[in-house]
Amino acid sequence: MSSTAAPTDLPESVQIFMTYMDVEKRSSKATLRSYEKDLTQFEEFLKTRRKSLALPEQIKPDQVREFLAKLHAKRLAKSTLSRKLSSLRSFFKYMTRHRFIANDPMVGIRNPKQEIRHPRSLNVDQAVGILDAHIGDEPADRRDLAIAEILYGSGLRVSEAISLDIYDADTSSGIVRVSGKGNKERISPLSDTACKAIDAYLAVREDFRPALEEQALFVGNRGARINRRQVNRILARMAENAGVYGGVHPHMLRHSFASHMLQSGADMRSVQELLGHEHLSTTQRYTHLNLQHIMNVYDKAHPLAGNQAPPFRDGDDE
């Protein structure tokens with residue numbers, strides 16, 4: 001397999017499916033891990049019923065419903081149940097399409113109704129305060145600020161930010177090339193302050209002693225690509241320095257980016273494009289095209305774009 005080896009302790013049918021998801025669908029490592037975890041859990045349940053995914057044609061809707069009921073009894077979140085059902089649905093859909101089985105046992109099985117959850121976000125003063133309160137000019141300080149600026153200034157997922165390579169960020173043009181979910185590529189604007197922060201960081205990137213072949217834009221103290229946990233710690237420390245408490249994490253900056261854009265008058269479709277959402281309904285959670293149009297909307301609406309009136313930093317709470 002190209003990026004992740006199929007677990008050899010799972011039935012061959014699952015290994016074939018995992019190889020397909022990795023090589024042909026090019027699913028992310030996180031997605032592959034989720035599929036492996038969910039299918040392993042279902043396989044363990046089936047063994048208690050003297051069945052196995054090694055013989056997928058034997059699996060009936062009743063077994064899936066019983067599996068779902070046992071998970072529900074453990075008081076798992078509905079979103080977790082839906083994810084597990086999605087993994088099973090993808091597996092059996094593949095089995096049916098490639099004629100390993102004649103009937104899909106997932107037909108007629110619906111996801112549990114989801115509770116409506118609104119993403120937590122910071123107000124503008126809090127978000128900008130975290131960036132403004134950052135103190136220090138050491139290489140790590142510059143890197144940390146650049147990461148925070150790009151998370152809030154461009155609304156990236158933390159996975160997208162840590163996956164950036166050096167040449168993905170073009171500060172001279174004010175854009176960054178992002179590889180989003182499903183390896184879908186999009187172009188996002190960089191705020192003026194993000195461009196300055198990235199340039200300042202790149203001037204000292206070599207101080208982290210990255211290997212010659214290391215292409216990562218953001219590297220850790222050992223010179224390798226920075227990871228999600230490191231970014232979580234960086235944001236938590238920056239928020240504490242700014243006196244902003246309540247579990248600030250990288251994704252909260254993305255939520256704040258979306259909320260503040262919409263509050264400033266950006267249209268929903270543009271924000272959808274900027275966030276890389278496949279469905280508009282995902283973007284609509286933040287309400288309780290061509291590239292030039294998106295860039296124009298960004299320049300007019302985002303508080304770090306350089307064209308915003310001063311009161312945005314000094315006054316409005318929202």
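Read-outs throughout are calculated quantities, based only on the coordinates presented, and are distinct from any laboratory measurement. Computed from a predicted structure; not experimentally measured. Cβ sites come from the backbone with ideal geometry, for glycine too, and all protein chains shown count toward neighbours.
Each residue in His255, His72 was given a count of other beta-carbon atoms within 10 angstrom of its own, and listing them fewest first yields His72, His255.
Globularity index of the range 12-97 is 1.06 (Cα radius of gyration / 2.2 N^0.38 Å, N = number of residues). Listed peptides 296-303, 188-195 appear in the order 188-195, 296-303 once ranked by packing, highest mean of other Cβ atoms within 10 Å at the front.
Start at zero, step by 10 Å, and the Cα-Cα distances of the range 134-216 spread as 18, 53, 27, 2 percent across the bins.
Sorting 155-161, 127-133 by their mean Cβ neighbour count within 10 Å, with the most densely packed peptide first, gives 155-161, 127-133. Residues whose amide H comes within less than 5 Å of that of Ile175, counting only those at least five positions distant or on another chain, are Asp170, Leu190 (H built at 1.01 Å from N in the peptide plane). List the lysines whose Cα lies under 22 Å from the Cα of Lys70, skipping any in the same chain that are fewer than 8 positions away. Here the lysines satisfying the reach criterion relative to Lys70 are Lys37, Lys47, Lys51, Lys60, Lys78, Lys84, Lys113. Its Cα gyration tensor gives the chain an equivalent ellipsoid. The semi-axes, each the square root of 5 times an eigenvalue, are 41, 23, 18 Å from largest down.
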